[in-house]
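To start, the structure under review is shown below, and the notes come after it.
Each value in this text was obtained by applying a stated rule to the coordinates, not by laboratory testing. All values reported here derive from a predicted model rather than from experimental measurement. Here the Cβ is made from the backbone with ideal geometry for all residues, glycine too, and neighbour counts use every protein chain on show.
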Amino acid sequence: MKIHQISLFLENKPGHLRGVARILADAGINIVTLSLADTQQFGILRLIVEDWEKAKSVLEGTGCVVNVTEVVATEVEDRPGGLAAILEILEQSGVNVEYMYAFTFGKGDRAVMVFRFDQPDKAIQVLQDADVSVLGSVELFQRTS
């Protein structure tokens, strides 16, 4: 139920982000969703792609330093309080959210969120016990096709 995310440090200068996008495009790798956090000197680009191993290899082949982490994608009710309900479940279990971001798509009345947890296996179990839909790669990438 965990999904692989690739992360890169990018110098915060014009063209660096475009360079990564072009490398992936030329390799036929589609970016499913991403998050970019920045400071004055650098940014952290986090990407979910269908073939993370190929993306990692292609990017490393061009000199990029790539880190792979496991994240968890969940369905969240797309209504006021939907996210708060998920966060309350996690808080009660003692699981910490290190960061999160949203997918650009949902399904009906559900949004899809990506979470990085300090205890991903515990988070998955807690969420499933609370009847929260945790998505694996297969379900997630079928939605984007």
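Would you please classify the overall shape of region 1-75 from the alpha carbon gyration tensor, given that a ≥ b ≥ c denote the square roots of the eigenvalues, rounded means a/c under 1.5, and beyond that prolate means a/b larger than b/c while oblate covers the rest? Don't skip to the answer; put the middle values down first.
Values: a/c = 1.81, a/b = 1.25, b/c = 1.45.
Oblate is the answer for region 1-75, as a/c is 1.5 or above yet b/c matches or exceeds a/b.
A Gaussian network model of the chain, with springs between Cα atoms under 10 Å, assigns the largest mean-square fluctuation among Leu87, Leu34, Leu47 to Leu87. Its DSSP H runs of at least 4 residues, each contributing -39,500 (n - 2.57), put the calculated 222 nm mean residue ellipticity of the chain at -10500 deg cm²/dmol, to the nearest 500.
From Cα pairs below 8 angstrom and at least 6 apart in sequence, can you work out the relative contact order of the chain, rounded to a whole percent?
Values: 242 pairs, mean separation 39.5, N = 145.
Rounded, it is 27 percent for the chain.
Highest first, please rank the peptides 15-27, 120-132 by the mean number of other Cβ atoms sitting within 10 Å of their residues. Present the calculation step by step, with values, prior to reporting the outcome.
On the way: 15-27: 14.2, 120-132: 16.0.
Those peptides, ordered most packed to least, come out 120-132, 15-27.
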